[in-house]
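Have a look at the structure below, then the notes.
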Amino acid sequence: MKIFIETLGCPKNFNDSDVAAGILQDRGHEIVEIPSEADAIMVNTCGFINDAKKESIERIFDMASFGKILVVSGCLSQRYNDDFFEELKEADIMIGVNDYSKLPDILENHEKGKREKSFSMYEKEFISRSRKISDNPYTATIKISGGCNNRCTYCIIPFIRGPYRSVPMEDIIQEAKRLAQAGTKELILIAQDTTAYGMDFDGNYHLAELLEKLCKVEGIEWIRILYAYEDRITDDLIKVMAREEKICKYIDIPLQHGADNVLQKMDRRSTKKSIHETIQKLREAMADIHIRTTLIVGFPGETEEDFEELLDMVESEKFDRLGVFTYSAEEGTKAAEMAGQIPEEVKEERYNQIMRVQMEINNESNKDKIGFEMDVIIDEEEEKGIYVGRTRYDAPEIDNSVLVRTLKEHQPGDIIRVKITDAFDYDIVGEEI
């Protein structure tokens, strides 16, 4: 059977799609790149916030128009399971985030006109060994855990993905070796909370130990950490990041806010003081570290004073990379029932204020790079003699880009030395040395 997979949402979803594709290929099915050529289409949905849910539903309708067997999977189906299955008649098959191993059997035994569903609470074992590896996987994510034990009041993910479960360390190392043998140079660690890795083994954090072992995998040149929780960034982790050359001096820390009043309502363990102290530790250990964060504005009960505290944090900490979300009330979360819901126009104005400040910070940071030489990984050719790439300080599809002028020919994944010659708000320009 020929199967087309459409994926929406975060890197964790794309990783799930790779696993699903690998499972299907192991059973003799073919993954195709064009939906019209497929016998079945799978839409791996995102259900994190309202905009993501709307996009997922629109894409399901788009894919339904091809008249193929339609499989709907992912966070949206897991979150609403039976109700969603009853409402979305376009879906022939609906599965949750923990049911990809069942997909071959479901598809192979599917009877035309019969609708089927499968929603498991969480996977009994990790199945990353079956993962499909692309033809040129120069950059690849590796999922080090599933689920989440945090209970942030705005977030539905723990109810979708289940409790925190770390992937056995040896399985991660073996997957990294397979990726390296296939040509992966940049390895990106993902999880709902990467810094909690190993806590379910023995109550201790083992991310630093895992990183040391990954650094020994031949062929991997860059290792990047996403989704680190501030209160779990240990001194051991900082020491390993500073010591190991392969680890990018980059870390994604989703802080969400900077006012203690709001952080408490969010049920976050960080405080304004602890955030500042952790950022200082990271910058003292690694002068060139680039810190990325994401923030939420308009959380229920966020006062003007709370927002000013957040704005002050952005201005004083000068995050190198920053994303902002306006608060979205998600059904089933504590925050959705809280008093003091903020009007949409206020959320938008606060969003715009932060982005204006951050644009100035980005511009200043980028201009400071002019004249310096940096390693750049090539992502694509823009036109003859011009390539688009990224520095060690930029994650794919998320952060800044480098426009590189060169007389040489390159392929995606080539790492070259570039001298920076110009800078803009979010991107920089350079010439290959």
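Just the protein heavy atoms count here, and of the accessible area of segment 315-421 at 1.4 Å, carbon and sulfur take up 48 percent. With a cut-off of 13 Å between beta carbons, the residues surrounding ILE144 carry a summed charge of -1, where Lys and Arg count +1 and Asp and Glu -1. Note on segment 113-263: along the principal axes its Cα atoms extend 53, 43, 28 Å, ordered by decreasing extent.
Shape analysis of the chain yields a ratio of the Cα radius of gyration to the Kirkwood radius, Rg/Rh, of 0.96. Computed over the alpha-carbon pairs of segment 59-120, the distance histogram in 10 Å steps reads 23, 58, 18 percent, short to long. Each residue of segment 195-209 is assigned a 3J(HN,Hα), and the resulting list reads 5, 8, 3, x, 5, 7, 6, 8, x, 10, 8, 10, 5, 4, 5 Hz, derived from the Karplus form 6.51 cos²θ - 1.76 cosθ + 1.60 (θ = phi - 60°), x at Gly and Pro. Taking label points 7 Å from Cα along the Cα-to-Cβ direction, LYS89 and ASP375 give a separation of 5.7 nm. All Cα-Cα separations within segment 242-285 were binned at 5 Å from zero, giving a P(r) of 5, 20, 25, 19, 13, 10, 6, 2, each value a whole percent of the pairs.
Overall, the ratio between the Cα radius of gyration of segment 213-368 and 2.2 N^0.38 Å, rounded to two decimals, is 1.13.
Computed over protein heavy atoms with a 1.4 Å probe, the accessible surface of the chain works out to 44 Å² per residue. Near VAL262: Cβ cut-off under 9 Å, other residues only, Lys/Arg at +1 and Asp/Glu at -1. The net charge is -2. Surface calculation, 1.4 Å probe, protein heavy atoms: ASP425 sits at approximately 50 Å² accessible. Straight-line reach from LYS246: taking Cα to Cα under 18 Å and skipping same-chain neighbours fewer than 8 places apart, the lysines in range are LYS177, LYS185, LYS213, LYS216.
Among the trypsin sites (Lys or Arg not before Pro) in segment 295-384, those located in a DSSP loop and surrounded by at most 14 other Cβ atoms within 10 Å of their own Cβ are LYS384. Relative to its Kirkwood radius, the Cα radius of gyration of segment 1-148 gives an Rg/Rh of 0.93.
Distant-in-sequence amide contacts of GLY47, defined by a placed amide H-H separation under 5 Å and a gap of 5 or more residues or a different chain, comprise CYS75, LEU76.
Let me spell out the model: positive unit charges on the Cβ of Lys and Arg, negative unit charges on the Cβ of Asp and Glu, origin at the Cα centre of segment 41-171. What dipole size does that give, in debye rounded to 20?
With only Lys, Arg, Asp and Glu charged at Cβ, the dipole is about 240 debye.
Among the GluC sites (Glu not before Pro) in segment 148-232, those placed in a DSSP loop whose Cβ has at most 15 other Cβ atoms within 10 Å are GLU218.
With coordinates expressed along the principal axes, the C-alpha atoms belonging to segment 28-74 extend over 35, 22, 15 Å, beginning with the largest. May I ask for the net charge around SER401, where only other residues with Cβ less than 9 Å from the Cβ of SER401 are counted and Lys, Arg are +1 while Asp, Glu are -1? Residues close to SER401 contribute a combined charge of -3.
For trypsin sites (Lys or Arg not before Pro), the sites in segment 262-316 that DSSP calls loop and that have at most 14 other Cβ atoms within 10 Å are ARG269.
The values are calculated or read from the model by the stated rules, or taken from the named source; none is laboratory data. It should be emphasised that the depicted structure is a prediction, and the values quoted were computed from it without experimental measurement. Heads up, the Cβs are rebuilt from the backbone with ideal geometry, glycines too, and the neighbour counts pull from every protein chain shown. Only protein heavy atoms, including side chains, enter the accessible area calculation; ligands, DNA and RNA are left aside. Shrake-Rupley method; radii C 1.70, N 1.55, O 1.52, S 1.80 Å.
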